[in-house]
1. Could you list, in sequence order, the residues of the range 54-71 that are of a type in the set (A, V, I, L, M) and either surrounded by 14 or more Cβ atoms within 10 Å (Cβ to Cβ) or farther than 22 Å from SER7 by Cα (or both)?
2. Please tell me if ARG126 is at negative phi, of a type in the set (D, E, K, R) and not in a helix (DSSP H, G or I).
3. If you scan the range 77-101, which residues turn out to be under 19 Å from THR16 (Cβ atoms) and surrounded by 14 or more Cβ atoms within 10 Å (Cβ to Cβ)?
4. Please specify each residue of the range 25-53 satisfying the condition of being more than 14 Å from PHE75 (Cα to Cα) and crowded, with 16+ Cβ neighbours inside 10 Å.
5. Would you check which residues across the range 14-24 are out of contact with any helix residue (DSSP H, G or I) (no Cβ under 7 Å at 6 or more places or on another chain) and surrounded by 14 or more Cβ atoms within 10 Å (Cβ to Cβ) and list them?
Amino acid sequence: MRRQLPSFLVIGVLSTLFYLGLFVLARQFTGPQPANLLALAVSAVANTAANRRFTFGITGSEGAVRHQLQGAVAFLIGLGLSMGVLELLDRAVPHAPRAVEVAGLVVANGLATVARFVLMKIWVFRGR
């Protein structure tokens, strides 16, 4: 756990930056919910692969598909949180500036990160 948490945090920060960059890019072409879905889906696959390798030390392709499918549960939690934040923003502050959307997504992503680590530690990569 002492080695895993720093690695998980670094990957989490990089994944969040990647996610937010994809969201802002996609937001130029679509609404907030589709942009969020696209950005989160792409970054979640990369996040699970990076954590598999660097946080939990699993190399090779054995179990990779299963790990991605299990990681999809964490993705769904993050998706629910981020969709909820975007919906609340739309109701409370219609046409919120992009910076407000991004700030809300940072909060949602922070909550999802805690859930992601717990799920990965006790279920996806248990025993590692």
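1. Selection gives ILE58, ALA64.
2. So ARG126 fits the description; yes.
3. Listed by number, the residues that qualify are ILE77, GLY78, LEU79, LEU81, SER82, MET83, VAL85, LEU86, LEU89, GLU101.
4. Result: ALA26, ARG27, PRO32, ALA35, ALA50, ARG52.
5. Matches in the range 14-24: LEU14 only.
Throughout, read-outs are computed from the coordinates displayed, never taken from laboratory work. From a predicted model like this one, the values you see are computed outputs, not experimental measurements. We place every Cβ from the backbone using ideal geometry, glycine too, and count neighbours over all the protein chains shown.
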